Amino acid sequence: MKNQDERFVAAIDQGTSGTRCVVFDQNGAVKSYAYAAHMQIYPKPGWVEHDPIEIWKKTKAVIRKALKKALLEPKQIAAVGITNQRETAMLWDAKTGRPLYNAIVWQDTRTGDLCERLKDENEDIIRRKTGLPLSSYFSSTKLQWMLNHLPGARERADKGEILFGNVDTWLIWNLMQRKNGSAGTPAHVTDYTNASRTMLMDIEKLSWSGDLLELFKIPETILPEIRPSSDRNIYGYTAIDGPFTYEIPICGDLGDQQSSLFGHLCFESGETKNTYGSGSFLLQNTGASLIFSRHGLVTTVAYGLEEKKVSYALEGSIAVTGMAVRWLEENLGVIGGPTDVERLAKSVSKVGSAGVYFVPAFTGLYAPYWDRKARGLIIGLTQYTRAEHIVHAALEAICYQTRDVFESMQEDTGMRIRSLKVDGGATVNDYLMQLQADVLGRVIIRPKIREMTAAGAAYAAGLAIGVWRGTADIRKLWRKDRTFEPRWDEDKREGKYTGWRRAVERAKGWMTQDAH
């Protein structure tokens, strides 16, 4: 090893499709990387689950693999940061750690009817207190469902025998859990960003809301303690008999999209990013200002570096973007894999989708429409249509959905967004990034580090223990890879977007009682 004194930060990025561990050096460069996918479980239409035990096993595996690839001793890891798929809820035994049920994923819509019943009298108070629309997307109704449907769960919750958490809380708890239990009780914690996605936290007071706990019939005793996203007081230390084999401070925690915002160094009000993964998530830092959207966006916590002090953000969440491409591969067999996408789309670049629009509303439409009864459609088919046109339409759908949110964000803030920072797996597709610039009519900026979500968690953890001295220090770490300038003229841009909006109107409200 060249320098035993050099310190590194490990980030665990637990996402919807899989788990990665990324080790960063003090210059913000990726030292090593490991990834493992996990199974998607669909018990019923609209139900989406993950196996918590599988997630934990895959997490341990990628940690060990990343450390091995980095050729590092565990003691060289100065801190651990966590970032996670948000809103995905789980319950587990407070002593054994055994899950009571599968994790109910953010995309799951089983509590849609409950949300409809609650809407008339409660939607306004929920939005005022949490910044969120009343939707099955968030954790609270998932938790209520588990308490009501799992045998003995509510009684055990009242006795303090079980714990609730999103994936961040679950991972921190397990990373601290010693096999023989000799290290005491693991920390049961979350941070401001993840707590803000439960639909249970008062977004101004930054604490659990008694009114909402009463509304959803949830005992506060099962909820984690809310802590800063970068915590100098440290949540706890990794277990010596765990995957790190060393006691390392765990001191960074952000929900994946806020972590991406942090990784892009969007510390100033107005700075904006979009992440392209299974879904897409466009966030803009609004600083200390709480802006409540009038156009279907979510008000959320961007990050908190101190106790009871946070920056806020506006967010547009899109349920299905990259997942639509995966659907073409796995369900229809239209493509052989992700590498086919750019090639097939480019092969019809002169005509694009040839008038085909693909609205991938598999689990309804999220921002800015919030229509849980919308369903996916492919429209505009003719005898001329080929698989390549449908693949192109899937890429266009990613870009159009981003524009839907982009337009709403500008209307809410009154600010013109001049450029957009991007990250996520799909950003390696140059054709998609150029298409996004064309659809938006804005410059797209892609960084050298593609693992921006992991970078945000690493920065938060490193800041807490002094690897980096402040946000000005980590600003020096960000490097641009490429910019994409828009090429379409205004008539083409607006004409094609008008077609998209017409297609969305056809997809809305499709899931009626007699159309399942």
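Each reported figure results from applying straightforward, stated rules to the coordinates on display, with no laboratory input. Predicted, not measured: the structure shown is a model, and the values here were computed from it. FYI the Cβ positions are ideal-geometry reconstructions off the backbone, even for glycines, and counts take in every protein chain you see.
Points to keep in mind about this one:
- Reference-scaled alpha-carbon Rg (2.2 N^0.38 Å with N residues) for the range 285-406: 1.31
- Span-rule helices in the chain, defined as complete DSSP H runs reaching 18 Å or more along the axis (Cα) with Kyte mean at least 0.5: 452-465
- Pairs exceeding 24 Å between alpha-carbon atoms, taken from Lys58/Lys159; Lys95/Lys159; Lys57/Lys179; Lys58/Lys95; Lys350/Lys492: Lys58/Lys159.
- Kirkwood Rh and Cα Rg combined as Rg over Rh, evaluated for the range 78-235: 0.96
- Rounded Å value of the spacing that divides the Cα centres of the range 349-417 and the range 213-239: 37 Å
- Intensity falloff of the chain expressed as log10 I(q)/I(0), Debye formula with alpha-carbon point scatterers, at q = 0.09, 0.11 Å⁻¹: -0.60, -0.91
- With the largest listed first and rounded to whole Å, the semi-axes of the equivalent ellipsoid of the range 394-463 from the Cα gyration tensor are 23, 17, 10.
- Sorting Val443, Val467 by the number of Cβ atoms found within 10 Å of their own Cβ, with the fewest placed first, yields Val443, Val467.
- For the range 215-221, Karplus couplings with θ = phi - 60° (6.51, -1.76, 1.60), whole Hz, Gly/Pro x: 4, 8, 6, 10, x, 5, 4
- Where the Cα pairs of the range 203-355 fall when distances are cut into 5 Å bins, in %: 2, 8, 11, 13, 14, 14, 13, 11, 7, 5, 3, 1
- Sequence-ordered 3J(HN,Hα) estimates for the range 350-362 from the Karplus curve with 6.51, -1.76 and 1.60 and θ = phi - 60° stand at 5, 10, x, 7, 6, x, 8, 10, 10, 9, x, 8, 5 Hz, glycine and proline given as x.
- Peptides 277-283, 235-241, 129-135, 341-347 ranked from most to least packed by the mean count of surrounding Cβ atoms within 10 Å: 277-283, 129-135, 235-241, 341-347.
- Cleavage-rule hits, GluC sites (Glu not before Pro), the range 195-261, DSSP coil, Cβ neighbours within 10 Å at most 14: Glu204
- Here the range 242-269 and the range 190-206 have alpha carbon centers that stand 17 Å from each other.
- Sites listed here are trypsin sites (Lys or Arg not before Pro) in the range 175-256 whose DSSP assignment is loop and whose Cβ has at most 10 other Cβ atoms within 10 Å: Lys179, Lys205.
- For the chain, size of Cβ-based charge dipole, Lys and Arg +1, Asp and Glu -1, in debye: 1140 debye
- Applying the Kirkwood pairwise sum to the alpha-carbon positions of the range 162-215 produces a hydrodynamic radius of 12.5 angstrom.
- The range 12-160: translational diffusion in µm²/s, Stokes-Einstein, Kirkwood Rh over Cα pairs, 20 °C, 1.002 mPa s: 122 µm²/s
- Considering only Met323, Leu213, Leu377, and ranking their Cα positions along the charge dipole of the chain that arises from unit charges at the beta-carbon of Lys, Arg, Asp and Glu, the one farthest toward the positive end is Met323.
- Each of Thr385, Thr96, Thr453, Thr169 was scored by other Cβ atoms within 10 Å of its Cβ. Listed from fewest to most, they are Thr96, Thr385, Thr169, Thr453.
- In terms of surrounding Cβ atoms within a 10 Å radius of their Cβ, Phe244, Phe358 rank from fewest to most as Phe244, Phe358.
- Estimated 222 nm signal from helices in the chain, with DSSP H stretches of n ≥ 4 weighted -39500 (n - 2.57), rounded to 500: -10500 deg cm²/dmol
- For Gly165, the residues whose amide H sits under 5 Å from its own are Met90, ignoring neighbours fewer than 5 places away on the same chain, with H placed 1.01 Å from N.
- Under the combined filter of DSSP loop state and at most 15 neighbouring Cβ atoms within 10 Å, the range 2-90 retains these GluC sites (Glu not before Pro): Glu6.
- Over the range 1-92, equivalent-ellipsoid semi-axes from the Cα gyration tensor in Å: 31, 12, 10
- Alpha carbon centroid spacing (whole Å) that separates the range 20-40 from the range 77-130: 25 Å
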